[in-house]
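Before any comments, here is the structure.
The values are calculated or read from the model by the stated rules, or taken from the named source; none is laboratory data. Computed from a predicted structure; not experimentally measured. Using ideal geometry, Cβ is built from the backbone for each residue, glycine included, and neighbour counts are taken over all protein chains shown. When the accessible area is computed, the model is the full protein with side chains, heavy atoms only, and any ligands, DNA or RNA have been set aside. Shrake-Rupley method; radii C 1.70, N 1.55, O 1.52, S 1.80 Å.
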Amino acid sequence: MLRIPSQLYQQMIDHCLQWYPSEACGILSGKKGKVEKVYRMKNADDGSVKGSAVRYTMDSLELLKVTQSIRREEKEMIGIFHSHVASEPYPSQTDINLAFYPDAVYVIISLKDRRCPVARGYRVVEKEITPEELKVDL
Ligand SMILES: [Zn+2]
């Protein structure tokens, strides 16, 4: 289970809505399955034509800075999130192929209905997908 305080959950949703119609991505840090910080990342795939990215790539320098900051704060990278702008919140084949962090929960936010974003969590270990419950704490 991944617990997310509602305020941070909202930050994650806002970030995804801001990048719409491109996919958005980011990192969740914390400890013991509880999210303490949301890192809004830029989608490096969203280049010359803004709003055209149908997949996401984290900028490697930005990712390095974030992982260093997480380590400095003695936290862990417990989640990686991204949005699906037109499909269900379920890992795509690309998501599975690029899931290199077995210790992180992959959170996918579907904006198929933008008034009602749906977030789901998964573990992806050696291309096996297991649902992981997300609990938003009020
Ligand atoms: Zn995806």
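List of remarks:
- Residue in the stretch 7-25 that is acidic (D, E), touching a Ser or Thr at 6+ places or on another chain (Cβ under 9 Å) and open to solvent by 30 Å² or more (accessible area, probe 1.4 Å) present: no
- Close pairs from the stretch 53-64: first free of Cβ contacts under 8 Å to residues at least 40 places away in the same chain and of a type outside the set (K, R), partner open to solvent by 90 Å² or more (accessible area, probe 1.4 Å) and part of a loop (DSSP other than H, G, I, E, B), Cβ under 9 Å, at least 6 apart: M58/K42; D59/K42; E62/K42
- Some residue of the stretch 47-57 being closer than 27 Å to M1 by Cβ, surrounded by 16 or more Cβ atoms within 10 Å (Cβ to Cβ) and within 12 Å of the ligand (Cβ to nearest atom): yes
- Residue within the stretch 90-102 that is loosely packed, with under 15 Cβ neighbours inside 10 Å, away from the ligand (no atom under 11 Å from the Cβ) and farther than 17 Å from R40 by Cα present: yes
- With respect to (1) free of Cβ contacts under 8 Å to residues at least 60 places away in the same chain; (2) within 16 Å of the ligand (Cβ to nearest atom); (3) out of contact with any Pro (no Cβ under 9 Å at 6 or more places or on another chain); (4) open to solvent by less than 90 Å² (accessible area, probe 1.4 Å), the lone exception for K127 is condition (4).
- Taken together, the residues in the stretch 26-57 that are under 16 Å from K112 (Cα atoms) and either of a type in the set (V, I, T) or at pLDDT 95 or above (or both) amount to 1.
- Being outside any helix (DSSP H, G or I), more than 27 Å from K135 (Cβ to Cβ), within 12 Å of the ligand (Cβ to nearest atom) and not hydroxyl-bearing (S, T, Y) is not true of A86.
- Entry remark, the stretch 89-105: residues being more than 18 Å from M12 (Cα to Cα) and outside any loop (DSSP other than H, G, I, E, B) number 5 in total.
- The stretch 106-119, residues that are of a type in the set (A, V, I, L, M, F, W, C) and more than 14 Å from the ligand (Cβ to nearest atom): C116
- Flag for Y122 being modelled with pLDDT of 95 or more, within 13 Å of the ligand (Cβ to nearest atom) and within 17 Å of G33 (Cα to Cα): yes
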